[in-house]
Amino acid sequence: LMQEEIFKAIKPSELITLGWNKPNKKYKLSPNVSRLIALSNKLIFWYAKCIVETLNLEERVAIVTRLLDIGGYFYQMNNFSGMKEIYAALDISFVANLKITREKANVENHKVYL
């Protein structure tokens, strides 16, 4: 819902100027696109943090499995942004290196990850 509100506020001029690519002017030229990118990045790193902070393997597998299930729900709801955020969190190097967790959670064979 937070992303939807920001997405609806994006004006065509924000997309045409590509302002989010200009570090000193991104919040002036493309404020809503920049806010949407920032929120998306926060969610990606929060998902990754939830996975990595868990010390117990079984709990970590449960978190990854739950995130994959949420990604599947996002797909059913046509929330492709949410789905890609979960995908991105699983592809961050420090999460991608958790090979035993990924195997036990069957990440590579999950419909969200394919």
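The values are calculated or read from the model by the stated rules, or taken from the named source; none is laboratory data. None of the values given here were measured: they were computed from a predicted structure. Here the Cβ positions follow ideal geometry from the backbone for every residue, glycine too, while neighbour counts run over all protein chains shown. What goes into the accessible areas is simple: the full protein's heavy atoms, side chains included, and nothing from ligands, DNA or RNA. Shrake-Rupley method; radii C 1.70, N 1.55, O 1.52, S 1.80 Å.
Structural remarks
- The chain: most fluctuating residue of T65, T17, T54 per GNM, C-alpha cutoff 10 Å: T17
- Label sites at K99 and K49, each approximated as a point 7 angstrom past Cα along Cα to Cβ, lie 2.9 nm apart.
- Crossing angle, helix 57-76 versus the chain [Cα axis fit, 0-90 degrees, rounded to tens]: 50 degrees
- For the stretch 3-50, GluC sites (Glu not before Pro) are listed when DSSP marks them as loop and at most 13 other Cβ atoms sit within 10 Å of their Cβ; the list is empty.
- Largest-first principal axis extents, alpha carbons of the stretch 2-55, Å: 46, 24, 13
- Between helix 31-53 and the chain: long-axis angle, C-alpha atoms, 0 to 90°, nearest 10: 10 degrees
- DSSP-assigned coil residues among trypsin sites (Lys or Arg not before Pro) in the stretch 15-62, each with at most 16 further Cβ atoms within 10 Å: K25
- Between L55, L36, L67, the Gaussian network model of the chain with springs among Cα atoms under 10 angstrom shows the greatest mean-square fluctuation at L55.
- Candidates I70, I37, I16, ranked by Gaussian network fluctuation over the chain, Cα under 10 Å, top entry: I16
- Adding -39500 (n - 2.57) for every DSSP H run of four residues or longer, then dividing by how many residues the chain holds, sets the calculated 222 nm ellipticity at -21500 deg cm²/dmol.
- Calculated SAXS-style log₁₀ I(q)/I(0) at q = 0.09, 0.11, 0.17, 0.24 Å⁻¹ - the chain, Debye, Cα scatterers: -0.30, -0.43, -0.83, -1.23
- Rounded tilt (10° steps) of 80-91 against the dominant C-alpha axis of the chain: 50 degrees
- Per residue, in Å², the accessible surface of the chain once ligands and nucleic acids are set aside, probe 1.4 Å: 68 Å²
- At R0 = 25 Å, FRET efficiency that the Cβ-Cβ distance of A62 and N41 yields, to 0.05: 0.50
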